[in-house]
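So the structure is just underneath, and the comments pick up after that.
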């Protein structure tokens, strides 16, 4: 493959960014759900 | 009910009016700055749009086929070629390494100054890519069948 | 209490609905992104001019599309918030901001990584690149502004106004390559004419665009769900504290 360092850097950046956003959203949603459940045990729709 | 509706409508009209004013202002500014927003001038525009002699600017166009000659100046790679946009063309000299995509018949943008003898002395040469993407086999087939139209 | 319930009615419906949609959105986004990028990286042909560097477009183009598309969504939420005071629009605008900024940064970075070997430079101040950089600053300004006030409502209001002002940058980005001479090439995929991309490269590109878009939506929805639950938790804690007092 030509220009391999540039291609690897591009795909690496993209993978890192997608993973970071996805994991942080996942963790935040889980945390928010647990906190809400602790405050309002009847909240069953979350 | 009607009071609430009218308040929403008033807010909507205010936002839209604000956006229209803003859009108009930006359009005016962009029109006024038109020449400065242009990244390069074409060879046929040099007579009318080129800045004062000695000031550096960019020219852009296609590298004329068969016009490229590569030499060496003080041990560094150098090249001279002609850049054309159809109606006009200009000779360019450049000392330095040309980018990967620099080819005859391909787009190029050169930064530099116009010498008194009408030759453009470039200090930087950038390759300009066009919007076509295809594998080599397809490009070869197109060339063979005579359907090849060089990029703009 | 009745007022509180009424205020949460709409977000509650959102939580139920989004909870059902989110898994499909996320799975479809992941699968299509992997297919598009895998196809682009390993199976799509190299370009006759660019060689393998063309594979960078399978990331660059979706990122550029989402940078603009995400900002359009942000502006739409701002309009809904300013004019109709939609209870979810403020939160949605806040949650779209960082994700859109990330896409804009990715677009600029991959463009730079393509430009260095192809054009011969990391960066030029042409109209397309500059207007895209302006979009990044609009996103960053929005992120900062919505968090700059003690009262969230004022932050939402200021952010919404900034977002709507910034909308003028979107047509400038889109048409910069036609209005002015730019180093950046014109669009290859248009609604008005046939694309100038070979089909074996176009398909992975379209799949990648779709995958990125669904993934973007999934991440924004997940963040928005978290934001709604956080706001509800805060509201309940506040109500409890007031009851106790």
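Determine which single condition residue B:102 fails, assuming it passes every other condition in (1) more than 30 Å from residue C:165 (Cα to Cα); (2) in contact (Cβ under 8 Å) with a residue 40 or more places away in the chain.
Going through (1) more than 30 Å from residue C:165 (Cα to Cα); (2) in contact (Cβ under 8 Å) with a residue 40 or more places away in the chain one by one, residue B:102 breaks only (2).
Restricting to segment C:120-146, count the residues that are surrounded by fewer than 19 Cβ atoms within 10 Å (Cβ to Cβ) and in a loop (DSSP other than H, G, I, E, B).
Selection size over segment C:120-146: 4.
Take the residues of segment B:103-134 that are touching a helix residue (DSSP H, G or I) at 6+ places or on another chain (Cβ under 8 Å) and farther than 16 Å from residue C:188 by Cβ: which is surrounded by the most Cβ atoms within 10 Å (Cβ to Cβ)?
That would be B:127.
Specify which of the listed residues (C:28, C:75) is part of a helix (DSSP H, G or I) and within 14 Å of chain B (Cβ to nearest Cβ).
Matching residue, one of C:28, C:75: C:75.
Kindly indicate whether residue B:53 is surrounded by fewer than 15 Cβ atoms within 10 Å (Cβ to Cβ), touching a residue at least 40 places away in the same chain (Cβ under 8 Å) and touching a strand residue (DSSP E or B) at 6+ places or on another chain (Cβ under 9 Å).
The answer is yes for residue B:53.
Residues checked against (1) over 25 Å from residue B:126 (Cα atoms); (2) touching a helix residue (DSSP H, G or I) at 6+ places or on another chain (Cβ under 6 Å); (3) surrounded by fewer than 24 Cβ atoms within 10 Å (Cβ to Cβ):
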position	(1), (2), (3)
C:73	yes, yes, yes
C:76	yes, no, yes
C:100	yes, yes, no
C:103	yes, yes, no
C:112	no, no, yes
C:153	yes, no, yes
C:157	yes, no, yes
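Within segment B:11-54, take every residue that is more than 9 Å from chain C (Cβ to nearest Cβ) and in a loop (DSSP other than H, G, I, E, B) and give me the one that is modelled with the lowest pLDDT.
Filtering segment B:11-54 for residues that are more than 9 Å from chain C (Cβ to nearest Cβ) and in a loop (DSSP other than H, G, I, E, B), the one modelled with the lowest pLDDT comes out as B:50.
Condition first: in a helix (DSSP H, G or I) and at the interface with another protein chain (Cβ under 9 Å from one of its Cβ atoms). Now tell me which residues in segment C:31-56 satisfy that.
C:33, C:37, C:41, C:52, C:53, C:54, C:55, C:56
The values are calculated or read from the model by the stated rules, or taken from the named source; none is laboratory data. The model shown is predicted, which means the values in this text are computed figures rather than measured ones. No Cβ is skipped: glycine too gets one built from the backbone with ideal geometry, and neighbour counts run over all protein chains shown.
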